[in-house]
Amino acid sequence: MNKKEVVYLVLTDAVGSSELDNRLDPIEWRKCAFKNQLGCLLSSNSNSLALKSVGDALFVIYEVNGNKSKEDKIVKEILYCVWKAFERTKNDDAFKIPIRCAIHRITDHKKGDGIARDLESLQTSGDKSHLVEALKKDIFGKEVNRAARILSLVHNPTILVSEAIVNMINPNANKIALDFKPIEFKYNNQRLIFHSPVPVLYMKGVFNLDEVKPVFDSDRHILAKILS
């Protein structure tokens, strides 16, 4: 069954985990990374539907129910929480762990209830209850896959937002003739700026993924930073 409510997907992943494993205790740095990220991501007042991890990656789903003005407030809170998780993990006193993030707004997806029901009927040995419960809260669909592919475009410590979020906060973004479309807002008396770069073109279907080769090699390409 298609669900039309708005959800925000936040995907985070450690950058250079092999190098981190060679330099740091593999368990301790992951504990630190997850603690810093979860402490921030789950501090949002928004309704967190689901949370799962795959290796070093976290996948957080926020459901948004309400009108445009309410969503506008919630998305800024989510972005701020992601930025806070990004900064806290990267600048931790004990372990300085670089992470990359992707954030995407979705209005068309499918819940995992049907998959979970089918699994419940399987007559197999072993404990499948945890998987079944997780699937009930999970979401699937092409927009979910697209969010994951946005993350795959980020190869260094960066926060990348999709065009859907740029347009949510700044409806006039399409009129800006820049490769990097900025969105700025204030939250907790701080002014933040995020950017949506090359994947804006990919999201419109202008390019195939193989043709998109974004380069993040200067301060201009740091996609999440706080302005004094």
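Worth pointing out:
- Among (1) modelled with pLDDT under 85; (2) surrounded by 16 or more Cβ atoms within 10 Å (Cβ to Cβ); (3) among the polar types (S, T, N, Q) - the single one Asn47 does not satisfy: (2)
- Scan of the range 21-37 for residues that are hydrophobic (A, V, I, L, M, F, W, C), surrounded by 12 or more Cβ atoms within 10 Å (Cβ to Cβ) and not in a loop (DSSP other than H, G, I, E, B), ordered by number: Trp29, Cys32, Ala33, Phe34
- Applying the condition of being under 13 Å from Leu9 (Cα atoms) and among the β-branched types (Val, Ile, Thr) to the range 50-71 and asking which residue is modelled with the lowest pLDDT yields Val64.
- Single residue of the range 83-110 satisfying the filter (in a strand (DSSP E or B) and either modelled with pLDDT of 85 or more or aliphatic (A, V, I, L, M) (or both)) that is nearest to Asn36 (Cα to Cα): Ile99
- Single match in Lys52, Lys35 (criterion: without any contact (Cβ under 8 Å) to a residue 24 or more places away in the chain, out of contact with any Lys or Arg (no Cβ under 8 Å at 6 or more places or on another chain), under 27 Å from Leu135 (Cβ atoms) and of a type in the set (Lys, Arg)): Lys35
- The residue that is surrounded by the fewest Cβ atoms within 10 Å (Cβ to Cβ), among those in the range 76-109 that are within 19 Å of Ile139 (Cα to Cα), of a type in the set (A, V, I, L, M) and out of contact with any Asp or Glu (no Cβ under 6 Å at 6 or more places or on another chain), is Ile78.
The values are calculated or read from the model by the stated rules, or taken from the named source; none is laboratory data. Every value quoted in this text rests on a predicted model; they were computed, and no experiment measured them. Neighbour counts are summed over all protein chains in view; Cβ atoms, including those assigned to glycine, are modelled from backbone coordinates with ideal geometry.
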